[in-house]
Amino acid sequence: MPVLEILGVSYPIIESAPTTEIIHDPKHPYTQALMRAIPIPDPAYGREGVELRGTPGDASNMPSGCRFKDRCPERMDICDEMPAFGPLADADEHQVACHLYTDDQPDVHRPPISSAESGGVE
C-alpha cells in the first residue's frame, strides 16, 4: 500500500486521485511526463524517453490559460483558457484540470503506465 492515499500534482494543482491511480493511469499530460520520468532501477529495462519541448514559464509572469500549454504535446487552441479542475466523468476521486477531459473534447490520453514503468509501485 502506498504511503499516500491521495496524490495531488501541482502546476498549480492539475490532477488529484488515489496514488496508485495517478501512478498507473495519469491523465494530465504534465502528470504523464512526470510519471514517465521516474527512473526504473533496472538498467536492462527500456522505456520511451520523456521530451518536453520549450522551457518552464516564468513563475512571476505565468501565461493565461493552462500553465503547461507551452510545453504540452497535446496543446489545442482552447488551452489558452484556464481549464476547470473537476472529476472525470467515470471517477469521483480522480480530478483533473485539462481540456482533454472536458465534454467538448475527445478523451485523448496515453495508455496506462505499466508497473515496470512506474518503478514497480503497485
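None of the figures in this text is laboratory data; all of them are computed from the coordinates on show. In this text, all values refer to a predicted model and were calculated from it rather than measured experimentally. Methodologically, a virtual Cβ is constructed for each residue, glycine included, from the backbone with ideal geometry; neighbour enumeration extends over all protein chains shown.
Residues whose amide H lies under 5 Å from that of Leu7, counting only those 5 or more places away or on a different chain, are Ala17, Thr19; hydrogens are built 1.01 Å from N in the peptide plane.
Peptides 26-37, 11-22 ranked from most to least packed, by the mean per-residue count of other Cβ atoms within 10 Å: 26-37, 11-22. Size of segment 1-50 from its Cα atoms: along the principal axes, largest to smallest, the extents are 33, 25, 14 Å.
Relative contact order of segment 17-109, taken over Cα pairs closer than 8 Å and 6 or more residues apart, is 25 percent.
Just subtract the alpha-carbon distance of Glu93 and Leu52 from 0.36 nm times their residue separation and send over the number in nm, one decimal.
Contour length minus the Cα-Cα distance gives 12.0 nm.
With neighbour counts taken as other beta-carbon atoms within 10 Å, the residues Val9, Val3, Val96 rank, fewest first, as Val3, Val9, Val96.
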